[in-house]
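So that we are looking at the same thing, I have put the structure below in structure tokens.
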Amino acid sequence: MTKKDVREELGLRPGQSVELLQELHIVTREGRINQDSRRKLKQVLHLYQFIEKLLLELPAEGGHPTLADHGAGKSYLGFVLYDLFFQPRGVGHIYGIETRAELVERSRELARRLGFERMSFLHLSAAEAADAAQLPEKIDVVTALHACDTATDDAIAFGLRKHARFMVLVPCCQAELASALREHKALALARTPLAELWRHPLHTRELGSQVTNVLRCLYLEAMGYTVTVTELVGWEHSLKNELILARWTGQRRRASAERLRAILAEFGLQALEPRRYPGLPAEPATQ
């Protein structure tokens, strides 16, 4: 199969490197692709369309734009971003943050081989990265594609710490809140009929995931971001499909902070506030 055939088959963008996709093992040397890789590539390319619009709003000077990709894994997203946006413009820097040392080293080696000089890969968790000397004080864009469970919360905390202009989040496997709901289920059932929403284990998991993302959106609004929630791709490609786009405005919404606290209280989850939402403004003193 020729490169032209591969491009047409995969719907690649003009100038996109087939060789890179082969190095990432998305496309075989013969130009073939399996269904799993096709779904993965579709997600990454669709997410790129959202991120590209944000990057174009940023100054292309003084080392900018900067982007930190949390839970980078094999860095599919980071490499595609560099290939399509950062490399042709000759500006900016991408930081891939990943906890698995072997994937970090593999990405470093691939970047060296491809001559992607403005890519760095750090063997760190999202929480550790907030204070890491290898990263600049400010990051323009924070991404987290399928960062599992609380890693998305850590990516949000990182973005707040680094004064990110934009955050692009596709959450995955939100288990922490569901676990807390299960722990207090008997008490909740005695207290409110709303507990029927999570009485059955399947509903506990689904509701926990929904509430987790609602709380994340409220927290971002309370911290000075406008938030848009949409689908990443069709559900036939991935069940982990919720895309949260946050844009810094500096206008902190007190109403969002109040509603976040009200939801925590309604579900008996107030213990999560200091751990997950430490930036909320102090509650007004009661008379």
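Using the Karplus equation 6.51 cos²θ - 1.76 cosθ + 1.60 (θ = phi - 60°), what ³J(HN,Hα) coupling, rounded to whole Hz, does each residue of the stretch 115-123 give in order, writing x for Gly and Pro?
These are the phi-based 3J(HN,Hα) values: x, 8, 6, 9, 10, 10, 10, 10, 7 Hz.
For the chain, with only Lys/Arg (+1) and Asp/Glu (-1) charged at the beta-carbon, what is the dipole magnitude about the Cα centre, in debye rounded to 20? Walk me through the intermediate numbers first.
Details: 38 positive and 36 negative charges, 48 e Å.
Once rounded to the nearest 20, the dipole reads 220 debye.
Next question, about the same structure. Compute the accessible area per residue over the chain, keeping the other protein chains in place, probe 1.4 Å, unit Å².
Numbers: 14460 Å² over 287 residues.
Roughly 50 Å² per residue, with all protein chains present.
Further question: Run through the DSSP bridge list for the chain and note the antiparallel percent, rounded to the nearest 5. Intermediate results must be reported in sequence, preceding the final value.
On the way: 11 of 31 bridges.
Around 35 percent of the beta bridges assigned by DSSP in the chain are antiparallel ones.
For the stretch 76-83, just list the computed ³J(HN,Hα) in residue order, Karplus coefficients 6.51, -1.76 and 1.60, θ = phi - 60°, integers in Hz, with x standing in for Gly and Pro.
3, 5, x, 5, 5, 4, 5, 4
Then there is this: What is the calculated FRET efficiency for residue 46 to residue 163, with r their C-beta to C-beta distance and R₀ = 25 Å, to the nearest 0.05?
Working: r = 27 Å, r/R0 = 1.09.
My answer for the efficiency is 0.35.
May I pose another question? Which ³J(HN,Hα) values, rounded to whole Hz and listed in residue order, are derived for the stretch 220-226 from phi using the Karplus coefficients 6.51, -1.76 and 1.60 in 6.51 cos²θ - 1.76 cosθ + 1.60 with θ = phi - 60°, glycine and proline given as x?
Working through the residues one at a time gives 4, 5, 5, 9, x, 10, 8 Hz.
While we're here: Once neighbouring chains are kept in place and the probe is 1.4 Å, which whole percent of the accessible area of the chain is contributed by carbon and sulfur?
Details: 7390 of 14460 Å².
Carbon and sulfur: 51 percent of the exposed surface of the chain.
Can I ask one more? Using Cα-only point scatterers and the Debye equation, what is log10 of I(q)/I(0) for the stretch 173-262 at each q in 0.11, 0.17, 0.20 Å⁻¹, rounded to two decimals?
For the requested q values the scattering log ratios are -0.40, -0.85, -1.01.
For the stretch 8-58 and the stretch 207-221, what is the centre-to-centre distance using only Cα atoms, to the nearest Å?
What the calculation gives is 30 Å, centre to centre.
Between the stretch 129-167 and the stretch 79-128, what's the alpha-carbon centroid distance in Å?
Spelled out, the Cα-based centre of one part sits 15 Å from the other.
Right, next: For residue 69, list long-range residues whose amide hydrogen, built 1.01 Å from N in the peptide plane, is under 5 Å from its own amide hydrogen.
For residue 69, the qualifying residues are 95, 96, 97, 143.
A further question follows. Considering the dipole of the stretch 102-141 built from charges on the beta carbon (Lys and Arg +1, Asp and Glu -1) around the Cα centre, which of 107, 122, 136 is farthest to its positive end?
107
Which aspartates and glutamates have a Cα lying under 15 Å from the Cα of residue 53, excluding residues fewer than 8 positions away in the same chain?
140
Here is a further query. Out of residues 5 or more away from residue 146 or on other chains, whose amide H comes under 5 Å of its own, with H placed 1.01 Å from N in the peptide plane?
Here the answer is 170, since their amide H atoms fall under 5 Å of that of residue 146.
Let me ask you something else. Between exposed GluC sites (Glu not before Pro) in the chain, where DSSP calls loop and at most 13 other Cβ atoms lie within 10 Å, what's the longest gap?
Values: sites that count: 30, 57, 61, 117, 137, 236.
In the chain, the maximal stretch lacking such sites is 138-235.
The values are calculated or read from the model by the stated rules, or taken from the named source; none is laboratory data. Fair warning: this is a prediction, and the values are worked out from it, not measured in the lab. Please note: Cβ atoms are built from the backbone with ideal geometry, for glycine as well, and neighbour counts cover all protein chains shown. With ligands, DNA and RNA removed, areas are computed over all heavy atoms of the protein, side chains included. Shrake-Rupley method; radii C 1.70, N 1.55, O 1.52, S 1.80 Å.
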